[in-house]
There are 2 protein chains.
Amino acid sequence: MSDDEFVITYRVRGPLEEVHARAGAIAVEQSHEFPTAYAAEYTHRSLGRVREVREVADDLADVSIVYPEALAGHNVSQFLVMLFGNTSLLPGIQVTDISYPRTWLAEQPGPRFGVTGLRALLGGVQGPLLASALKPVGLTTEDLAALAYELAAGGADIVKDDQGLSDQDWAPGLERVRASAAAIRRANEETGHRTLYFPTFSPTRDYRDELAALADAGATGILAMPGVDGFQLLRDLSTDPDIALPVLAHPSFLGAFVADGTHGIAPDVLFGELLRILGSDIAVFPSYGGRFSFDREQCARIADRARRPLGELAAQMPSPGGGMSLERVPELVEFYGPDTVLLIGGELHRDRAPRAAVREFRSVVGR
Amino acid sequence: MSDDEFVITYRVRGPLEEVHARAGAIAVEQSHEFPTAYAAEYTHRSLGRVREVREVADDLADVSIVYPEALAGHNVSQFLVMLFGNTSLLPGIQVTDISYPRTWLAEQPGPRFGVTGLRALLGGVQGPLLASALKPVGLTTEDLAALAYELAAGGADIVKDDQGLSDQDWAPGLERVRASAAAIRRANEETGHRTLYFPTFSPTRDYRDELAALADAGATGILAMPGVDGFQLLRDLSTDPDIALPVLAHPSFLGAFVADGTHGIAPDVLFGELLRILGSDIAVFPSYGGRFSFDREQCARIADRARRPLGELAAQMPSPGGGMSLERVPELVEFYGPDTVLLIGGELHRDRAPRAAVREFRSVVGR
């Protein structure tokens, strides 16, 4: 951290002399975006500058660029514009690290609940948490509610909507949410266990009314998709003055930033750190060994960034998903540690007995 | 178009037999996201299916997948989730074409103004339009307003904020917008020419109040960044019941979808078609021959998709930018045609006489 500057590290492909030129171009693109020759008198307070270019391999170097704090303009969007806005259009450049101005970081609320707050909402449970999803899309309102009941009755900590559940004719929006929420409430009353329910939320200009309707329908958490619906949404939800619900960030569309390992935003920075700063309590990401392509090292880094000390920000729960199974739980728990939300979706249904599968999870993790 | 199905074409890398397997996986990932073996009874109405796999080169094939219309769930976000949500996390897959259900497309309002409406707002001007930007970040409110006046007095059609202008201490948000808007209004009154002013808009949960404040401050257009602030924002702005302003979509952060030519969403589909369907009147994209990396063919396709017949949707103005100069205007006009907004930023300042530079543009294009 520094007093009044961001230092952003970009990993840049290319021969070293070319990287030096690209570094200078990034510093301008992400700040002035103006030909430096015509802008000399304005450079003192708003121009990025290259601090260092470090070769890390053949045709690969880490470039550190310093930006004045003021560029971020006190809002989430402008911070992201400064971080990688136009440079997103240039191939072979990846954000790999960010150092924040102390004052700026202190202004970021971060997760409202975080690891500690989430455990409190769940009645103080210890150990790894289990999330599962209401799916597949195509189930009726009744079938989804029945599944929600089974998952909650088995003792899942979090039941989330599949991100594809929306306003389909066979399971229309709020009616569906109300039915699933009621089923989970009933299971909670019967078992004494607390299961939280995170419906998918893609707001329009009527954010306030829509969020209120979702809370009124029984949501006890919110699933948000910042890649689709904007990054500010995490901030809006995590600081909403009227409705305080934990926020789960789903990676839909965010893959554009991470699928090409040489471009975008490093997965640990995106899922572990940026989503946390923006206010997500739980960050879902594709785990190693599933259907997607992060390796073990990347996953370990995501989990580390989500939980390590960062200013005064609460820790975020990493939530590895994407092809997880019960058989892998011991390995995943050993790898990710207890402050983790294991997201097991379709594989809980293998024996068509999701309640028993959830119980098996709890027994495997000693809960 | 079809009656009730989307057909989405993905270009997939890999040996042909592997592509066949990946095609099946995409169809599931983007619809059920559920192990097919456990979901047999729900497949009829919600499961994607592979229609065709066509090899187009070694290790490259076009995969067409059919999705039921209902998956899109009557909202922008769910349509995007279906299009490329989780699959964004898989490398080597690019959306290259979309065929829409007739009824779904008919429900999309698209651009509120489009090419014709924008020309009407500008007093019926013919020929290529010129947009320029208030920049660099670092100028004071007064300096920005003075620049706005010069650009408008010279006869620019559109003056937009640099996307990095925000709430910086030396040029705070609404005060800055008011000053620039007033300067443009004054120039318009003096010259009889109409220049529109598009400030940057990154709303929070208070969208309605913030948009009203911007309009009240004198905005006559809106610059939106769907990559940062969500795709729904374009729909919200283009259908706002109270404030009807043209919308310019800026590519900040959208580069993540296009910088890697083997992954994401093809530039013509993203800039030319999706932004248009979502409601942008003007799509800014990096032109060939500038600082970014699209080639001529990609740029021609973007412009074509922006303007070609698509249901009843108004045509969108393509706006090539990113390192344009006055010298290139004749070539760019010949290439892109008259229904184009040429975005020339920094290079208008080369001789420190932006008003004269704008006049030169108009003379070059015969206006």
Q: Sort out which residues of segment A:162-188 are of a type outside the set (A, V, I, L, M, F, W, C) and within 14 Å of chain B (Cβ to nearest Cβ), and write them in order of number.
A: A:D162, A:Q163, A:G164, A:S166, A:D167, A:Q168, A:D169, A:P172, A:G173, A:E175, A:R176
(Q) Can you tell me which of (1) of a type outside the set (K, R); (2) open to solvent by 10 Å² or more (accessible area, probe 1.4 Å); (3) out of contact with any Leu (no Cβ under 7 Å at 6 or more places or on another chain) is the one A:A259 doesn't meet? (A) (3)
Q | Only listed residue being in contact with an Asp or Glu (Cβ under 7 Å, 6 or more places away or on another chain) and closer than 23 Å to B:Q78 by Cβ, chosen from B:V228, B:V258, B:V247 | A | B:V247
Q | Matching residues in segment A:42-90 - criterion: being over 25 Å from B:G173 (Cβ atoms) and either β-branched (V, I, T) or part of a helix (DSSP H, G or I) (or both) | A | A:V50, A:V53, A:V56, A:V63, A:I65, A:L89
Q) Can you name the number of the only condition in (1) in contact with a Ser or Thr (Cβ under 8 Å, 6 or more places away or on another chain); (2) more than 23 Å from B:R194 (Cβ to Cβ) that B:Y288 fails? A) (1)
Q: Provide a single number: the residues in segment A:325-367 that are among the acidic types (D, E) and either within 11 Å of another protein chain (Cβ to nearest Cβ) or under 13 Å from A:L130 (Cβ atoms) (or both).
A: 3
(Q) B:R119 - would you say it is within 21 Å of the chain's Cα centre (by Cα) and without any contact (Cβ under 8 Å) to a residue 12 or more places away in the chain? (A) yes
Q. Across segment B:172-218, what is the total count of residues that are in a loop (DSSP other than H, G, I, E, B) and surrounded by 22 or more Cβ atoms within 10 Å (Cβ to Cβ)?
A. 5
Q | In segment B:226-239, residue surrounded by the most Cβ atoms within 10 Å (Cβ to Cβ) [restricted to those that are part of a loop (DSSP other than H, G, I, E, B) and facing chain A (nearest Cβ under 7 Å)] | A | B:G230
Q.
Of all residues being of a type outside the set (S, T, N, Q), assigned to a loop (DSSP other than H, G, I, E, B) and touching a strand residue (DSSP E or B) at 6+ places or on another chain (Cβ under 9 Å) in segment A:128-142, which is nearest to the other protein chains (Cβ to nearest Cβ)? Just the residue, please.
A. A:G138
Q. Within segment B:69-82, can you find the residues that are at pLDDT 95 or above and more than 8 Å from chain A (Cβ to nearest Cβ)?
A. B:F79
Q) Does B:G85 qualify as being under 26 Å from A:M225 (Cα atoms), within 14 Å of another protein chain (Cβ to nearest Cβ), of a type in the set (G, A, S) and surrounded by fewer than 23 Cβ atoms within 10 Å (Cβ to Cβ)? A) no
(Q) So B:A25 passes all but one of these: (1) over 17 Å from A:G138 (Cβ atoms); (2) of a type outside the set (S, T, N, Q); (3) open to solvent by less than 10 Å² (accessible area, probe 1.4 Å); (4) part of a helix (DSSP H, G or I). Which condition number does it fail? (A) (3)
Q | Among residues of segment A:1-22, those that are modelled with pLDDT of 85 or more and part of a strand (DSSP E or B), counted | A | 9
Q.
I'd like to verify a number: residues in segment A:307-332 that are open to solvent by less than 60 Å² (accessible area, probe 1.4 Å) and in contact with a helix residue (DSSP H, G or I) (Cβ under 8 Å, 6 or more places away or on another chain), how many?
A. 15
**Q.** segment B:147-161 - residue that is part of a loop (DSSP other than H, G, I, E, B) and in contact with a strand residue (DSSP E or B) (Cβ under 7 Å, 6 or more places away or on another chain) and, of those, farthest from the other protein chains (Cβ to nearest Cβ)
**A.** B:D157
Q | Qualifying residue in segment B:40-59 (condition: open to solvent by less than 10 Å² (accessible area, probe 1.4 Å), of a type in the set (S, T, Y) and within 30 Å of A:T262 (Cα to Cα)) | A | no
Q) Looking at (1) open to solvent by 10 Å² or more (accessible area, probe 1.4 Å); (2) more than 30 Å from B:V258 (Cα to Cα); (3) within 11 Å of the chain's Cα centre (by Cα), which is the only condition A:D268 fails? A) (2)
Q | Looking only at segment B:97-109, and only at residues there that are out of contact with any Gly (no Cβ under 6 Å at 6 or more places or on another chain) and open to solvent by less than 30 Å² (accessible area, probe 1.4 Å), the one that is farthest from the other protein chains (Cβ to nearest Cβ) | A | B:Y100
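The values are calculated or read from the model by the stated rules, or taken from the named source; none is laboratory data. Quick caveat, the model's predicted, so the values are computed rather than measured. Ideal geometry is used to build each Cβ from the backbone, glycine not excepted, and the neighbour counts take in all protein chains shown. Accessible surface areas use protein heavy atoms only, side chains included; no ligands, DNA or RNA. Shrake-Rupley method; radii C 1.70, N 1.55, O 1.52, S 1.80 Å.
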